[in-house]
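These notes are about the structure you will find just below.
The values are calculated or read from the model by the stated rules, or taken from the named source; none is laboratory data. Only a predicted model underlies this, so the values are computations on that prediction, with no experimental measurement involved. Don't worry about glycine lacking a Cβ; one is built from the backbone with ideal geometry, like all the others, and counts go over all protein chains shown. To get the accessible areas, we keep the full protein, side chains included, count just its heavy atoms, and leave off ligands, DNA and RNA. Shrake-Rupley method; radii C 1.70, N 1.55, O 1.52, S 1.80 Å.
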Amino acid sequence: MATFEWIILLLLGAAVLATIARKLGAPYPTFLALGGALLAFLPSSPGWTLDPQLALTLFVAPVLLDAAYDTSLRDLRANWRPIAGLVIAAVGTTVLAVALAVRWLVPEMPWPVAIALGAIVAPPDAAAATAVMRQVKLPHKLLKILEGESLLNDASALLIYRLAIMSMMTGHLGFGSYAPVFLLTVFGSLVVGVACARLMPWLTRGVSDVPTSLILQFVSTFGVWIAAEALGLSGILTLVAFAMTMARRGGIQMPARMRIPIFAVWESVVFVLNAFAFVLIGLQLRPIWGRLEAGGARTEAVITALVVLAVAIAARFVWVMGYKLLLPRLRRRASEGPQPKPAVGGAVVLSWAGMRGIVTLAAAFAIPETLPGGAPFPYRDLILLCAFAVVLGTLVLQGLTMKPLIRRVGLTDDDPVGREIRLGRTQAYQALLEAIKDDDSLDAKLLRKEYGAIVELNASQSHNEAVGEVPGGPLRRRAIAVARQRAFEMRRDEVIGDDAYRVLVQELDWAELSAGGGAQA
């Protein structure tokens, strides 16, 4: 019972912290990290532990699938060069820089352990950065670069992490041994992910209720990850390929009455997983803090963690700014023609958007506690401390200064998504009108009038309506609110029963959703 009470309190605390973060315009993971850090030093906090083998599966798989499902393959192709630079070169630079710095501070640390630490703290989590950037209308291209990086840098960093842990567990590290493993992991994961996605429609055919569909989605998410890991493949790459293929093939088959509640549940699950990741890592810090004190190594460990934080921030900044400033010079030498002066504002923001999150925490958790011979995994406590320091430090330092920095730089967005929404809406509703043009019923005439107004509004070059609005949207929502209040009064006065009331409210809810109101995807 005490565990259940703690879970309720922690969920309530996470909701309060997230509400405060949104009111302040800050990313909610920043406040969750602060809460997890405070929880570590709360005397009466529970002593929960987590199986290291469960950490990546539990925390990363659902979050990764949610992000991959929403990723645009077109935007990945359009921005492949900067994304590839961040996913490969920036991650590699961070891994190498952190490993060198840690080896300098702790010469006794084996190279595979140092490389694993570098891989753990290398991948930024763009969820925190994009949460801020969506509030200030950052250029769409920069936002897509960050989202694409966040999706793929987990795969590159955790592949390095996996090879380093394999080396530590087997006792050797050689390129000749791991090159075939690397190639098999990459290409095998992509093939298996796409194959699983093509099988899913056969498994879910005939499912028309939300609870069953949700269960199948969660089972398939964890099942694909577990199967990939059992085959020696990358769970991250397999799940990314699976989710992106599903998004391209299966979205049109799901009706709205299922899609809306399912998306809401997934959003809630991602939030809860973020909250518990910070809580659990916070609970691990207290015994780690005690063991470091007992060994007399607390000061050295704190210094190492702060150095790792500084190196992780600096390595990204050096790579992004170097790429931005040197690339035009290389192009100028190659073309012998004038090149535009690079705009450094976007590069500064991209450099500073290196906040770490749930993947770093889960990867640190997932380090085995012991080696095959039974000896403790070397420096595991130090790695966990460094991981939390990097997550907490970047979320606080960068997360709370990101919004002022963006405003200071003065970047703007010309709203390409809004233009595409209007174009898509115009053509989709024109197709709808074409489908009912020969129907002379009263219902068809009303629909033609309503949807014709939507086409006219979105096709016009001089529109004042927000992109999320439909004709008469605000008026509809006010009228629906009055209707909902009247339905409530009728149930209160027992004019209608609860069954009829629920049907009426559901109808009004769908009508309100169809009235728009800034619901831009």
Just the accessible area per residue of the chain, please: how many Å² with a 1.4 Å probe? 51
Under the √(5λ) rule applied to the eigenvalues of the Cα gyration tensor, what semi-axes describe the equivalent ellipsoid of segment 1-52? Give them in Å, descending. 23, 13, 10
Peptides ranked, highest mean first, by Cβ atoms within 10 Å: ranges 260-266, 240-246, 350-356: 350-356, 240-246, 260-266
In nm, spacing of pseudo-spin labels at LEU442 and ARG478 (7 Å Cα→C-beta vector): 2.7
Over the chain, what percent of the accessible surface lies on carbon and sulfur atoms, probe 1.4 Å? 65
Relative contact order %, the chain, counting alpha carbon pairs below 8 Å whose residues are six or more apart: 22
Stretched fully, the stretch from GLN506 through LEU216 gains (0.36 nm per residue minus C-alpha distance, one decimal, in nm) 101.9 nm
Could you tell me the extents of segment 371-441's C-alpha atoms along the three principal axes, largest first, rounded to whole Å? 80, 44, 17
For ASP498 paired with ALA431, estimate the spin-label separation in nm (one decimal), with each label point 7 Å from Cα along the Cα-to-Cβ line. 4.3
When the Kirkwood radius is taken over all Cα pairs of segment 356-399, what Stokes-Einstein diffusion coefficient follows at 4 °C and 1.567 mPa s, in µm²/s? 116
Just the ratio, please: alpha-carbon radius of gyration of the chain over 2.2 N^0.38 Å, N its number of residues. 1.09
Once phi for every residue in segment 233-243 is put through the Karplus expression 6.51 cos²θ - 1.76 cosθ + 1.60 (θ = phi - 60°), the whole-Hz ³J(HN,Hα) values, with Gly and Pro written as x, are 9, 8, x, 5, 4, 4, 6, 4, 4, 4, 5
Residues of segment 355-398 with backbone N under 12 Å of the label point set 7 Å from the Cα of VAL302 along Cα→Cβ are none
Hull surface over four for the Cα convex hull of segment 211-313, reported in nm², is 10.2
Length released on extending from VAL318 to VAL16, taking residue separation times 0.36 nm less the Cα-Cα span: 105.1 nm
Among 24-33, 96-105, 222-231, 370-379, how do they line up from the highest to the lowest mean number of other beta-carbon atoms within 10 Å? 24-33, 96-105, 222-231, 370-379
Calculated [θ] (222 nm, deg cm²/dmol) that DSSP helices of n ≥ 4 give over the chain, each run adding -39,500 (n - 2.57): -25000 deg cm²/dmol
If you project the alpha carbons of segment 1-129 onto their three principal axes, what span does each projection cover, largest first, in Å? 49, 46, 30
When the convex hull of its Cα atoms is projected in every direction, mean area for segment 61-130 (nm²): 5.9
Which peptide among 403-411, 283-291 comes first, and what is the full order, when sorted by highest mean count of other Cβ atoms within 10 Å? 283-291, 403-411
Please arrange THR299, THR94, THR71 by accessible surface area, largest first, computed with a 1.4 Å probe and ligands excluded. THR299, THR71, THR94
Modelled label-to-label distance, LEU203 and LEU231, 7 Å Cα→beta-carbon offset: nm? 1.2
